[in-house]
1. Only one of (1) farther than 20 Å from LEU10 by Cα; (2) surrounded by 13 or more Cβ atoms within 10 Å (Cβ to Cβ); (3) among the hydroxyl-bearing types (Ser, Thr, Tyr); (4) without any contact (Cβ under 8 Å) to a residue 12 or more places away in the chain is not met by SER124, so which one is it?
2. Taking the options ASP97, ASP113, name whichever one is without any contact (Cβ under 8 Å) to a residue 60 or more places away in the chain, not basic (Lys, Arg) and not in a helix (DSSP H, G or I).
3. For residues in segment 202-252 being among the charged types (D, E, K, R) and not in a helix (DSSP H, G or I), which is nearest to ILE36 (Cα to Cα)?
4. Search segment 14-28 for residues being of a type outside the set (Ser, Thr, Tyr) and modelled with pLDDT under 85, and hand back the single one that is farthest from LYS47 (Cα to Cα).
5. Kindly establish whether GLY42 is assigned to a loop (DSSP other than H, G, I, E, B) and either over 25 Å from ILE196 (Cα atoms) or in the same structural domain as LEU201 (by TED's automatic domain parsing) (or both).
6. Within segment 73-92, can you find the residues that are part of a strand (DSSP E or B), touching a helix residue (DSSP H, G or I) at 6+ places or on another chain (Cβ under 7 Å) and not small (Gly, Ala, Ser)?
7. Just name the residue that is farthest from PRO110 (Cα to Cα) out of those in segment 128-186 that are among the acidic types (Asp, Glu) and not in a loop (DSSP other than H, G, I, E, B).
Amino acid sequence: MTMNQKKSKLFFFGGMALFLGRSTDTNKHKHHALQIGLGLSGEFKLKSDDLWTRSRAVIIKANHPHIMTGVEDDQAILLLDSETDIARQIHDKYLHDRSFHALESPLFFPVYDKLASLLYTAQSCQTAKTAMEAILDTLLTERLPSEPKDPRILKVIDFLSGLDEKKISLMDISNFICLSESRLTHLFKAQTGIPIRRYLLWLRLMEAICLIFNKASFTRAAHETGFADSAHLSRTFKQMFGMAPNKILKNSRFIQAFSCGS
């Protein structure tokens, strides 16, 4: 594959996803995630509330219908689960009652090259995480640490990551760590910024998409990751990301997906 045929990259983290490359979907859509869109090659066009605008950096409210064009140019799209603390902080600082907020593009000049280089560099979750955190640090001067510090929560994360099937009850997790369900729920959210049930959903989605990219059927991927069936998996994925997973699979020759954990 030549430099002009570089693959787009899609990195999944707990509560976040980072897409780098050329857009695969320019239809009107919405998703549960708050979206940060950056034009790595230049401005893109955004349609929101039936109005078109040009921008190179924008924040789009969760569950807001929009179209983001620029299929000939490279883009970075960071999706944040709207139930996470980081998404709520960004929403409160930049959006309030607005559907989107265009940012001054010079704000991100130090970040653009770092993001663009990921399209060519080694397949590294750590490098993607560094770039993703550079976006968040540009937007927020104060936020949660990137890693939990409480050893009990670290133990829970390791436990959940090692499960063959991520469909587990809160009671079973609380019994494992010897905390009450209410204490576990509070401590996990305080340490990670995401509700524990939401975190489990992300783990299941990440495993499912990796199975699919490794040629598993939708049915098998759904059953092995705790979804009722392939339709349930597709609905959940579309709710979160604004497109069904088969839309990505149609372009799998040009997209690499990475499951990067928490």
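The values are calculated or read from the model by the stated rules, or taken from the named source; none is laboratory data. Note that the structure is predicted; figures quoted are calculated from it, not measured. Neighbour counts run over all protein chains shown; Cβ positions are idealised from the backbone, glycine included.
1. The one condition SER124 does not meet is (1).
2. ASP97
3. Of all residues in segment 202-252, those among the charged types (D, E, K, R) come to 204, 207, 215, 220, 224, 229, 235, 238, 247, 250.
Those still in the list that are not in a helix (DSSP H, G or I) too: 215, 229, 250.
Details: LYS215: 30, ASP229: 31, LYS250: 24 Å.
For segment 202-252, the residue satisfying everything is LYS250.
4. Of the residues in segment 14-28, the ones of a type outside the set (Ser, Thr, Tyr) are 14-22, 25, 27-28.
Filter once more, so that each one left must be modelled with pLDDT under 85: 14, 21-22, 25, 27-28.
On the way: GLY14: 29, GLY21: 20, ARG22: 18, ASP25: 13, ASN27: 10, LYS28: 8 Å.
Selected residue: GLY14.
5. Taking the combined requirement at face value, the residue satisfies it.
6. Just the residues of segment 73-92 that are part of a strand (DSSP E or B), to begin with: 75-81.
Still in the list and also touching a helix residue (DSSP H, G or I) at 6+ places or on another chain (Cβ under 7 Å): 76, 78-81.
If the condition is that a residue be part of a strand (DSSP E or B), touching a helix residue (DSSP H, G or I) at 6+ places or on another chain (Cβ under 7 Å) and not small (Gly, Ala, Ser), then LEU78, LEU79, LEU80, ASP81 are the ones that fit.
7. Among them, the one singled out is ASP172.
One line per residue, one yes/no per condition, for (1) crowded, with 18+ Cβ neighbours inside 10 Å; (2) not assigned by TED's automatic domain parsing to the domain that holds LEU20:
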{"residue": "ARG88", "(1), (2)": "no, no"}
{"residue": "ASP97", "(1), (2)": "no, no"}
{"residue": "LEU115", "(1), (2)": "yes, no"}
{"residue": "ALA134", "(1), (2)": "no, no"}
{"residue": "ASP137", "(1), (2)": "no, no"}
{"residue": "GLU165", "(1), (2)": "no, yes"}
{"residue": "ILE173", "(1), (2)": "yes, yes"}
